[in-house]
Amino acid sequence: MSRNTCLVLFNHGSPSALGEMGPAGSLSSPAPLCILCLPGGLPHPKGMVPEKLPAWLQSYAEKISSLGAFGGKLANHVLVNEYLPGQGIMPHEDGPLYFPTVTTISLGSHTLLDFYHPVSRGQHADSEQVPAPQTEEQRHFLSLLLEPRSLLVLQEDMYVRYLHGIQPTTTDTVTEKVANVAACNTALGDELLRGTRVSLTIRHVPKVLKTAIFLGKGK
């Protein structure tokens, strides 16, 4: 793939190509935007203490890993978030604790994932530093429509160079900035009402500690 890699795979049928996404009622919603579970362990700069993934999540981690998304490594961390209509997440980067690829399964509602240039300073040919666009709107250059039952694979420059986020809105308008509109069941100008969305963010954490070392039982 190119250095600007962002792959979106869609399956609109039933059942999903990845199978059903877990037992009914296995996800609760105690908070508007909440981490429903953090299987695999808690990432830390010194290394993640591994925890066993639930069987239903392990199967999806293995299926996504078989696509080669993590360079031959097996996904070992899943973050499950719930977004209610009107909720989002500010532009951010996921940081260096993970293998530079993130995969996300969207369940329930669609969402628009927006991409932004980082806040920085531009440079003229004569090396004179000039302010680059600093507003969020000016830095926004691309969006992806993540439809229900879709799989997003985000890596390389799209992962390490740019920021990504979700606007806190109840309605999304499909504009020319939506790069994958031709692959979706929608058209330019459509207004899409958000419902409740659950995202499964599946990643590989390269640095994993042995539990015994973490507990001070070994060196």
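None of the figures in this text is laboratory data; all of them are computed from the coordinates on show. Here the structure is a predicted model, which is why all the values come from computation and not from measurement. Methodologically, a virtual Cβ is constructed for each residue, glycine included, from the backbone with ideal geometry; neighbour enumeration extends over all protein chains shown.
May I ask you to order 200-210, 104-114 by the average number of other C-beta atoms within 10 Å around their residues, highest value first?
104-114, 200-210
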Quick one: which of 46-53, 79-86 comes out on top by average Cβ neighbours within 10 Å, and what's the full order, highest first? 79-86, 46-53
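When you have a sec, figure out the Kirkwood radius of region 159-201 from all distinct Cα pair distances and drop it here in Å to one decimal?
12.4 Å is the Kirkwood radius here.
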